[in-house]
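See structure below.
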Amino acid sequence: MQRIFLGARGAQASQLPRRLTHTPWPTTRVRRGAYALLAPGGYHRGVAHPRDPDERRVDPGPAEAGAARPRPEWRIRTTWAERLLLGGVLIGGSSRRMARPKHLLELDGKLLLDRAVEALAPVVAEVVLLGAGELPASQAGRVQLPDPPGCTGPLAGLLAGLRWAPEACWVVAACDLPLVEPEAVRWLVGQRRPGRWAVLPSTGKGVEPLLALYEPQALGELEALAAAGVLAPRRLAELDNVATPEPPPELRRCWFNANTPEDLVGLGGRGA
């Protein structure tokens, strides 16, 4: 397990896993011996609670045994707040009703995939494409993760992302959200709390797992769903540690998903 600790000089780029060396990492200073910082490779010091990595005991090093110890809630908040924030767009669907891949459909001259990426990009450190869909020229060179074997549907894309960067916080969006905008993503990120494993917004149609936020703790629960053959990530909403807040009225349209060509025709002129 790789171990990273921000001391006097911070984490060096060479210490990060190769797959994330191009990704900005938080540079917030932390007191030596006081906090463990989440990183893709693991923790420098700290003992993870078996159910919630937000709660961990941090022991000072030998030379720092006399240093002041922070209050427990400070440790929880620092670890939670400094997670890398990543975005993922799901592009692996078959789109039988659309007769072509959804992410390559257009609204007002712009690809649905580009709309989703542009909504996430101002808020997260990096946007990753989840699934094996064909990439348009506008997204050439972007990181793309294939679905893991033995799993299908949106759950496969979620697992691909969270397995790739399991210590990051993920905002994941479907590619068929033609009205999604950055404000909805900012609202989602604003719903984060220490000890909260995921945020699945609740709309008039039920909980929405495909414009939602997933903390590292959600990975184990998603793995359990896949192992049980339950491919519906909305089942996470049954957990006490998963929040299902209602979006503000002015943002609810961002969760509208286009399932048929008629859905897009009716939206003409409403896209950003």
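Just in the stretch 190-242: which trypsin sites (Lys or Arg not before Pro) are loop by DSSP and have at most 15 other Cβ atoms within 10 Å?
205
Give the separation of the Cα centroids, the stretch 113-135 to the stretch 185-264, in Å.
17 Å
The stretch 98-169: which trypsin sites (Lys or Arg not before Pro) are DSSP loop and have at most 15 other beta-carbon atoms within 10 angstrom?
Passing both the DSSP loop test and the Cβ count: 142.
Rounded, prolate or oblate: which one fits the stretch 147-196, using the alpha carbon gyration tensor with axes a ≥ b ≥ c (rounded when a/c is under 1.5, else prolate when a/b beats b/c, else oblate)?
Values: a/c = 2.94, a/b = 1.29, b/c = 2.28.
Note, shape of the stretch 147-196 comes out oblate.
On a full-extension model of 0.36 nm per residue, what is the gain between residue 142 and residue 189, subtracting their alpha-carbon distance, rounded to one decimal in nm?
Length gained between residue 142 and residue 189: 14.7 nm.
With the cut-off at 1.5 for a/c, could you classify the stretch 196-241 from its C-alpha gyration tensor as rounded, prolate or oblate?
oblate
So which chymotrypsin sites (Phe, Trp or Tyr not before Pro) in the stretch 122-230 pass both tests, a DSSP loop state and at most 10 other Cβ atoms within 10 Å of the Cβ?
Filter output for the stretch 122-230: empty list.
Convert 20 °C to kelvin, take the viscosity as 1.002 mPa s, use the Kirkwood radius over C-alpha pairs of the stretch 208-272 as Rh, and evaluate the Stokes-Einstein diffusion coefficient in µm²/s, rounded to a whole number.
150 µm²/s
Rounded, prolate or oblate: which fits the stretch 132-253 when a ≥ b ≥ c are the square roots of the eigenvalues of the alpha-carbon gyration tensor, with rounded for a/c under 1.5 and prolate only if a/b beats b/c?
Oblate shape, in that a/c is at least 1.5 and b/c is the bigger or equal ratio.
Compare the Cα positions of 258, 157, 213 along the charge dipole of the stretch 148-272 (+1 at Cβ of Lys, Arg; -1 at Cβ of Asp, Glu; about the Cα centre) and return the one farthest towards the positive end.
My answer, from the dipole projection, is 213.
Please arrange 138, 202 by counting, for each residue, the other beta carbons lying within 10 Å of its beta carbon, fewest first.
Ordered from fewest to most neighbouring Cβ atoms within 10 Å, 138, 202 come out as 138, 202.
We did not get these values from a lab; they are worked out from the coordinates using the rules stated. Just so we're clear, the structure is a prediction, and the values are computed from it rather than from any experiment. Quick reminder, even Gly has a Cβ in these numbers, built from the backbone with ideal geometry, and neighbours come from all protein chains shown.
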